[in-house]
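*Asks:* Have a look at the structure that comes next, please.
Every read-out reported here was derived from the displayed coordinates using simple, explicitly stated rules and does not represent laboratory data. This one's a predicted model, so the numbers in the text were calculated from it and none came from an experiment. Every residue, glycine as well, gets a Cβ built from its backbone with ideal geometry; the counts of neighbours run over all protein chains shown.
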Amino acid sequence: MRRVTLAVALPLLLAGCGGEEGPGAAGEVGDTAAAARPLRVVLVLNGTLGDRSFFDAAQAGMELAVAELGIQAATIELGHDPATWASGLADVAAGDDVYDVLITLTYVMAQALEAIAGRHPDRRFISMDAEVDSDRCGCSNVHSILFRQNEGGYLAGLYAGLMTSRPIDGMNRERVVGAVGGIEIPVIADFLGGFEQGASSVEGVEVLQQYLGSFTDPARGKEVALGLFDRRVDVVFHAAGGSGLGVVSAAGARDRWVIGVDSNQATLLGSSRVPGADRMLTSVLKNIDRAVVDALNAHLNGSLRYGASVSLGLAEGGVGLADGEQFRSLTPPDVMSRVEAASRDIVEGRIVVVRAPGVPAE
C-alpha cells in the first residue's frame, strides 16, 4: 500500500535553480514557469514513517526544507513489501509534472534508482545513504550522499566500553557490551564494525553482536536484546530501524542501558513515552535531516554536483553522538574527555576506523 504525506510549502525563499546542464552541476529543470514556483521535492521511502529513526529523520529534513527553503514537499511511503519497491519508485519517477527533485534512501533504492534515472534525464535525483554508480547506469542526474557511520559507531563503542563497569544503576562488573543490527548489509555492518573497534579499544571489554534479519520486527529486537542482557551485557547499541524499538523495550524490562541510532532517540522516544526511553544513554546520530536541507539548498543555488557523491563523517558534522540531559548527568568527566579526544583523533587521522566490506570508498 502506498501512502502519501504532504507538507505545505511556505513562501519561496530561494527562486529557481541556476547552473549548467550536465555532470557536476545542478542544472535547471523545466521551463521559465518552473523558476517562478517553489522547488517540488518528493521523498520516496521503502518502508513507512514511524520508525523514530532513519525514515523519520529524513522526513524531519523535508519539513525543515519547507520551513527554511520554501520548497513544496511530498513523502511517498511504499510500505514493507520489498517486491513493490522498484516498481513503486519507477511509477513515481515517471509521474508527469510531479517533482523536480526525487530523494531515495538506502542501498536497495539506490539499485532501483540506477535502473530508472537514465530514463528521466530532465529530472534530478538524490540518493541518501547509498551510492549510485553514474558510470554503470550512464546517468549523470543523481547526487549520492554517504555517511561514515563507522566513525559514529566507534565513538558509541568506546563510550559503551568505558561506561560498562562504572558504578551506575544497571551496570554490572562484567565488561561486556552488545550490538544489534537489523539486516546484515554494508551500512549496518559499518555501524557495528565501528562499534566493535571502539569498544575493543578499552582494555578487557568483550563485544557480542547479533543481526535480527529485519528492520520492522520489534518483537524480534526485544527477544534478541533480552538474550544479550541475560549474557551479562549491560549496554546494547542498536542499528535496527523499527526493530530497535524492541531493543529499547528490553532495556526497560531489564533495567539495563541502550544506545540508539540515526536520531536523538532519547528525545524522540521520551516525548512519546515509549517504554525503555529512560534507559537511553545516547544515540549515534546520522544527521540525515540537515543533509537533506543542505543538499536541496545546494541544488537551489546551483552547486549540487550531480553525477558525483559526497561522504559525511565527524569532520563534516554528518555523524556524532547525541547530547542530552541523561548523557550529561550519567557520563563521568573522564569518559567525556576520552570520547571527545577520540573524536578529534578520528577527524585528524590519528585513529583510523575500519570500513565494512562493500561500503564505498570515500
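*Asks:* Can you list the equivalent-ellipsoid semi-axes of the range 205-362, largest first and in whole Å, using the square root of 5 times each Cα gyration tensor eigenvalue?
*Replies:* Output for the range 205-362: semi-axes of 29, 19, 17 Å.
*Asks:* Between helix 186-200 and the chain, what is the angle of the helix's C-alpha long axis to the longest principal axis, kept within 0 to 90° and rounded to the nearest 10?
*Replies:* So the inclination is approximately 30 degrees.
*Asks:* Now, a different point. Which one, 141, 161, 189, projects farthest toward the positive side of the charge dipole computed for the range 106-209 from Cβ point charges (K/R +1, D/E -1)?
*Replies:* Of 141, 161, 189, it is 141.
*Asks:* Return the single residue from 131, 63, 206 with maximal mean-square fluctuation; model: Gaussian network over the chain, springs between Cα atoms under 10 Å.
*Replies:* Ranking 131, 63, 206 by mean-square fluctuation puts 206 first.
*Asks:* OK, next. Before rounding to the nearest 500, sum -39500 (n - 2.57) across all DSSP H runs of length at least 4 in the chain and divide by the residue total; then give [θ] at 222 nm in deg cm²/dmol.
*Replies:* Value at 222 nm, helices only: -11500 deg cm²/dmol.
*Asks:* Same structure, new question: Using the charge dipole of the chain (Lys, Arg: +1 at Cβ; Asp, Glu: -1 at Cβ; taken about the Cα centre), state which of 246, 132, 60 has its Cα farthest towards the positive end.
*Replies:* 246
*Asks:* Of the listed values (1) 62, 46, 39; (2) 74, 52, 38; (3) 67, 44, 38, grab the one calculated as Cα extents along the principal axes in Å from the structure here.
*Replies:* (3)
*Asks:* Separate question: Could you work out how far helix 106-116 tilts from the main Cα principal axis of the chain, as a 0 to 90 degree angle to the nearest 10?
*Replies:* Orientation of helix 106-116: about 20 degrees from the principal axis.
*Asks:* How much of the DSSP bridge set in the chain is antiparallel, in percent, rounded to the nearest 5? All intermediate terms of the calculation are to be shown ahead of the outcome.
*Replies:* Values: 8 of 49 bridges.
Counting DSSP beta bridges with both partners in the chain, the antiparallel share is about 15 percent.
*Asks:* Counting only other residues whose beta carbon sits under 13 Å from that of residue 176, what net charge do I get with K and R as +1, D and E as -1?
*Replies:* 0
*Asks:* Can I ask one more? Under 10 Å, Cα contacts only: if you run a Gaussian network model on the chain, which one of 332, 186, 218 comes out with the highest mean-square fluctuation?
*Replies:* Of the options given, 332 has the highest mean-square fluctuation.
*Asks:* I would also like to ask the following. What is the calculated FRET efficiency for residue 337 to residue 136, with r their C-beta to C-beta distance and R₀ = 51 Å, to the nearest 0.05?
*Replies:* It comes to 0.65.
*Asks:* Against the 2.2 N^0.38 Å scaling, with N counting residues, where does the range 83-122 land? I'd like the Cα-based Rg ratio to two decimal places. Working shown, then result.
*Replies:* Values: Rg = 9.7 Å, N = 40, 2.2 N^0.38 = 8.9 Å.
So the range 83-122 has a normalised radius of gyration of 1.08.
*Asks:* Quick one: which of 240-246, 145-151, 312-318 comes out on top by average Cβ neighbours within 10 Å, and what's the full order, highest first? Write down the numbers at each step before the final one.
*Replies:* On the way: 240-246: 27.7, 145-151: 25.9, 312-318: 18.4.
Those peptides, ordered most packed to least, come out 240-246, 145-151, 312-318.
*Asks:* Under 15 Å from the Cβ of residue 245, count the other residues' Cβ atoms, weight Lys and Arg +1, Asp and Glu -1, and hand me the total. Intermediate values should be presented prior to the final figure.
*Replies:* On the way: positive: 52, 220, 222, 273, 279; negative: 51, 56, 217, 223, 262, 278.
After counting each charged neighbour, the total is -1.
*Asks:* Kindly express, to the nearest 10 degrees and within the range 0 to 90, the angle between helix 288-300's C-alpha long axis and the longest C-alpha principal axis of the chain.
*Replies:* Here the helix axis deviates by roughly 20 degrees.
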